[in-house]
Amino acid sequence: MEKEKIEKFKKQLEERKNKLEEELSSIAKKDPLVKNDYDAKFPDYGTQSSDEEAFEVASYESNLSMEQALEIKLAEIKAALERIEKGTYGRCENCQEEIDEKRLEAMPEAKICVKCNK
Ligand SMILES: [Zn+2]
């Protein structure tokens, strides 16, 4: 792939990475002991009634699943940036063919081609 195009995808990936990290930090606190790991925040709405406690747990659970989804996406984007550094970006991890650029434009973190994704 041409260098200019890789640069373009790299920029897109970095923008997405920053956005995801922002979203993650709003719903989760970064675990200081584990690099690249986030813990969902346990919200504190007070514990006066059992109703509020139930709401707290539900909110924590939805934060947790959203946090996990964001974390997976972030990992994919970071892996794509690593492939750019290694010079393997744009190549299918499964069949080693070049991934269609249209696919990368829609999903710059794609690591396998359309054929292998089926
Ligand atoms: Zn493939």
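The values are calculated or read from the model by the stated rules, or taken from the named source; none is laboratory data. Worth saying up front: this structure is predicted, and the values here are computed from it rather than measured. With ideal geometry, Cβ positions are generated from the backbone for all residues, glycine too; neighbour counts draw on all protein chains shown.
Candidates in segment 79-90 are the residues that are crowded, with 16+ Cβ neighbours inside 10 Å and closer than 10 Å to E109 by Cα; of these, the one that is farthest from the ligand (Cβ to nearest atom) is L81.
The rows are residues; the columns are (1) under 23 Å from E4 (Cα atoms); (2) at pLDDT 95 or above; (3) within 16 Å of the ligand (Cβ to nearest atom).
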{"site": "L24", "(1), (2), (3)": "no, no, no"}
{"site": "E56", "(1), (2), (3)": "no, no, no"}
{"site": "E61", "(1), (2), (3)": "no, no, no"}
{"site": "S65", "(1), (2), (3)": "no, no, no"}
{"site": "E76", "(1), (2), (3)": "yes, yes, no"}
{"site": "C92", "(1), (2), (3)": "yes, yes, yes"}
{"site": "C95", "(1), (2), (3)": "no, yes, yes"}
{"site": "E109", "(1), (2), (3)": "yes, yes, yes"}
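Residue count for segment 1-26 satisfying the condition of being in contact (Cβ under 8 Å) with a residue 24 or more places away in the chain and either farther than 22 Å from E71 by Cβ or among the polar types (S, T, N, Q) (or both): 4.
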